[in-house]
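The values are calculated or read from the model by the stated rules, or taken from the named source; none is laboratory data. Every value quoted in this text rests on a predicted model; they were computed, and no experiment measured them. Quick reminder, even Gly has a Cβ in these numbers, built from the backbone with ideal geometry, and neighbours come from all protein chains shown.
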Amino acid sequence: MPEVDSMAPKAFQPDVLQEPVPYLLKGSGGYDWGMRYRLSRIFRPTTGRTVMLAVDHGYFQGPTTGLERIDLSIVPLLPLSDALMVTRGVLRSVIPSDLASAVVLRASGGPSVLGELSDEHVAMDMSDAVRLGASAVAVQVFVGSEHESRTVTNMTRLVDAGYQVGIPVLGVTAVGRDLTRDARYLGLATRMCAELGAQVVKTYYCDDGFEQVAAGCPVPIVMAGGKKLGEADALIMASRAIGAGASGVDMGRNIFQSRFPEAMIKAVDAVVHGDLRPDHAFEMYQDLSQSSAQPASAG
Ligand code: R5P
């Protein structure tokens, strides 16, 4: 028998206005709920920023130094990242499915380091991203390269497919081998990605004008790490990017090629989420390194 509810006191509180629901991310409040939910898996709601760990390098360069055994080198770091950028092959083969971090799936590919890097295609159907519980898919966009137009179309196809299922697209501004990473180029590439529908844009840091790159991009920007630097310099770069308006980092080699990857990702986290000064973050890295049981193994 249905419960009789008519006598119960009600709590409609008509004198209290229902407030609009706020949203943490720049330019993202108008998306459907599922897409906002997935973005808030990637970007920590308390800070609106992310520490994304990029380990997808093998999709074009094979067993990259530090990623030879992802089960051994990367799995222990997973609890320390907000999101993991990974290929579906590695996800299925070595990443535990009780993962707490968000998954950002590499969705473009084709050429290897032996060929023309911009010759990419869409390399994954959006239905597989749904099947795998991805919070976003990532696609390389090679503005100014030989296959510029196709890589832009790769992204727009994924954006359309993503809107069908509520999965956002991370547009990655790839610089190829010869392009200059200055603010003018990065501003062009990031703005193109956002204008054409990417909900998040990943780009490299540049010393001059990064704040203009970030301000000119109407959706969140995350900073790519790039080639391995000394830990102190990598922390300075991350701090400057955050200070200039980046909503986080998507770092690979500067974490997993560090001698002490766990110490490094914790120091990066303190910069990104705690606004820790980079010199203090480097001291933190050194302290954690000394107390770390094992450096990253070689051989
Ligand atoms: C490269 O194309 C991949 O998307 C990497 O995930 C990206 O370059 C970030 O890794 P790293 O910090 O090592 O540059």
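List of remarks:
- One residue stands out among those in segment 232-263 that are among the charged types (D, E, K, R) and surrounded by 19 or more Cβ atoms within 10 Å (Cβ to Cβ): the one that is nearest to GLY197 (Cα to Cα), which is ASP250.
- Any chance ALA123 is under 24 Å from VAL159 (Cα atoms) and modelled with pLDDT of 95 or more: yes
- Meets criteria (more than 23 Å from VAL75 (Cα to Cα) and in contact with a strand residue (DSSP E or B) (Cβ under 9 Å, 6 or more places away or on another chain)) for VAL201: yes
- Hits in segment 206-219 - residues which are buried (at least 24 other Cβ atoms within 10 Å of the Cβ) and within 14 Å of MET237 (Cα to Cα): PHE210
- Qualifying residues in segment 1-39 (those that are among the aliphatic types (A, V, I, L, M) and under 24 Å from ALA194 (Cβ atoms)) - the one modelled with the lowest pLDDT: VAL21
- Any hit, segment 162-180, residues being away from the ligand (no atom under 15 Å from the Cβ) and modelled with pLDDT under 95: yes
- Only listed residue being more than 15 Å from the chain's Cα centre (by Cα), under 23 Å from SER73 (Cα atoms), touching a residue at least 24 places away in the same chain (Cβ under 8 Å) and surrounded by fewer than 20 Cβ atoms within 10 Å (Cβ to Cβ), chosen from LEU188, LEU229, LEU196: LEU229
- Of residues in segment 247-259 being without any contact (Cβ under 8 Å) to a residue 60 or more places away in the chain and under 27 Å from ALA138 (Cα atoms), the one nearest to the ligand (Cβ to nearest atom): ASN254
- The residue that is surrounded by the most Cβ atoms within 10 Å (Cβ to Cβ), among those in segment 95-149 that are more than 14 Å from the ligand (Cβ to nearest atom) and assigned to a strand (DSSP E or B), is ALA102.
- Test: residue in segment 273-287 that is under 24 Å from VAL213 (Cβ atoms), within 15 Å of the ligand (Cβ to nearest atom) and touching a strand residue (DSSP E or B) at 6+ places or on another chain (Cβ under 8 Å): no
- A count restricted to segment 209-240 and to residues that are away from the ligand (no atom under 14 Å from the Cβ) and in a helix (DSSP H, G or I) stands at 10.
- Tallying residues that are away from the ligand (no atom under 13 Å from the Cβ), more than 16 Å from VAL137 (Cβ to Cβ) and in a helix (DSSP H, G or I) within segment 35-69 yields 2.
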